[in-house]
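Just passing along the structure, written as C-alpha cells.
The values are calculated or read from the model by the stated rules, or taken from the named source; none is laboratory data. None of the values given here were measured: they were computed from a predicted structure. No Cβ is skipped: glycine too gets one built from the backbone with ideal geometry, and neighbour counts run over all protein chains shown. What goes into the accessible areas is simple: the full protein's heavy atoms, side chains included, and nothing from ligands, DNA or RNA. Shrake-Rupley method; radii C 1.70, N 1.55, O 1.52, S 1.80 Å.
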Amino acid sequence: MPGRGSKLESVRVAAVILAGGQGRRMGGADKGLIEYQGRPLIEWALAALAPQIDELVISANRNFDTYAAYGHRVLPDTLPDFPGPLAGVLAAMQAVAADWLQVAPCDTPHLPADLVARLLAAAQRANVPLAVAADAARVHHSCFIVRTDQRDNLAGYLARGARAVRHWQAGLPSTTECFEAACFANFNQPQDLRAG
Ligand SMILES: Nc1nc2c(ncn2[C@@H]2O[C@H](COP(=O)(O)OP(=O)(O)OP(=O)(O)O)[C@@H](O)[C@H]2O)c(=O)[nH]1
C-alpha cells in the first residue's frame with residue numbers, strides 16, 4: 001500500500017462496497033445507483049475508498065454492467081435469496097488477494113478519508129482481526145475492517161443459517177474506532193435523500 005505509514009505498507013488491503021441489497025425501504029430501488037447531489041451513491045463510496053486501498057470490488061446482485069463500468073470487479077452473492085450484507089462480505093473475502101478487507105455500504109456517501117488507515121491501525125494495535133467504525137453514540141456494524149483469514153469463520157456462520165452482522169462480529173475478538181457521526185449519514189428511505 002504505497003505512500004502510507006510503515007505499518008500499512010506491510011499489509012495488503014482490499015475494500016468491498018456493498019450494493020447487493022434489495023432496497024425495500026427505497027421501493028425496491030438499487031440503492032447504489034440512486035442519485036445524491038447529482039451523483040449515484042456508489043460514486044461517493046468509490047471516491048472515498050478507492051484512494052485508500054490496493055484493490056476494490058463491488059458487491060452487487062443486479063445492474064452488473066452499470067457497476068462494472070466503474071472499472072472494478074463486480075461480485076454477486078454466492079448464497080441465494082438476498083441473505084444480507086454478510087453474503088457480500090463472504091464473496092469478497094473469498095475473491096480478493098489481500099490480508100485485510102474494508103467493508104462499507106453503498107448508501108453512506110461521506111465516508112472518512114482516513115477510514116481504512118484508522119480501522120487498520122486500531123485492529124493492529126489491539127491485535128484483533130476486526131475493527132468496527134463507531135461514533136460517540138453508536139457502532140456502525142456495516143462499516144468495518146476484517147482480516148481475510150476469517151473467511152472460513154464467516155462461511156461457517158452463514159452455513160448455520162445465521163445472518164446478523166453484529167452477532168457474527170460479537171463472536172470475533174474486536175475493537176472499535178470512533179469517527180464523527182456525520183461520516184455515517186446514510187440513506188434507507190426516500191425522506192433520507194430529501195434531508196441529505
Ligand atoms: N451483497 C449483499 N449486500 C446486501 C444484502 N442485503 C443488504 N446488502 C447491503 O448491505 C448494506 C446495508 O443494507 P440495508 O441498508 O438494509 O440495504 P437494503 O437491504 O438494500 O435495504 P432494505 O431492503 O430497505 O433493508 C447495503 O449497502 C446493502 O446494499 C444482500 O443480500 N447481499
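Can you tell which of Ala15, Ala47 is without any contact (Cβ under 8 Å) to a residue 24 or more places away in the chain and within 16 Å of Leu111 (Cα to Cα)?
Being without any contact (Cβ under 8 Å) to a residue 24 or more places away in the chain and within 16 Å of Leu111 (Cα to Cα) holds for just one of Ala15, Ala47, which is Ala47.
Might you let me know whether the stretch 73-82 holds any residue that is within 16 Å of the chain's Cα centre (by Cα), within 12 Å of the ligand (Cβ to nearest atom) and of a type in the set (S, T, N, Q)?
No, that holds for no residue.
Which of the residues belonging to the stretch 112-135 are free of Cβ contacts under 8 Å to residues at least 60 places away in the same chain and in contact with an Asp or Glu (Cβ under 9 Å, 6 or more places away or on another chain)?
Passing the criteria: Leu119, Ala122, Ala123, Pro129, Ala131, Val132, Ala133, Ala134, Asp135.
Tell me which strands (runs of 3 or more DSSP E) are completely within the stretch 84-196 and hold 3 or more residues being under 19 Å from Gly32 (Cβ atoms), or say none if there are none.
100-105, 139-147
Does the stretch 45-56 include one or more residues that are under 12 Å from Phe187 (Cβ atoms) and either open to solvent by less than 10 Å² (accessible area, probe 1.4 Å) or within 14 Å of the ligand (Cβ to nearest atom) (or both)?
Yes, because at least one residue in the stretch 45-56 is under 12 Å from Phe187 (Cβ atoms) and either open to solvent by less than 10 Å² (accessible area, probe 1.4 Å) or within 14 Å of the ligand (Cβ to nearest atom) (or both).
Just give me the residues in the stretch 74-91 being in contact with a strand residue (DSSP E or B) (Cβ under 9 Å, 6 or more places away or on another chain) and surrounded by 17 or more Cβ atoms within 10 Å (Cβ to Cβ), in sequence order.
Of everything in the stretch 74-91, those that are in contact with a strand residue (DSSP E or B) (Cβ under 9 Å, 6 or more places away or on another chain) and surrounded by 17 or more Cβ atoms within 10 Å (Cβ to Cβ) turn out to be Val74, Leu75, Asp77, Pro85, Ala87, Gly88, Val89, Ala91.
Let me ask you something else. Given the structure, is Ala159 open to solvent by 60 Å² or more (accessible area, probe 1.4 Å) and either more than 17 Å from Ala92 (Cα to Cα) or of a type in the set (Ser, Thr, Tyr) (or both)?
Spelling it out, it is not the case that Ala159 is open to solvent by 60 Å² or more (accessible area, probe 1.4 Å) and either more than 17 Å from Ala92 (Cα to Cα) or of a type in the set (Ser, Thr, Tyr) (or both).
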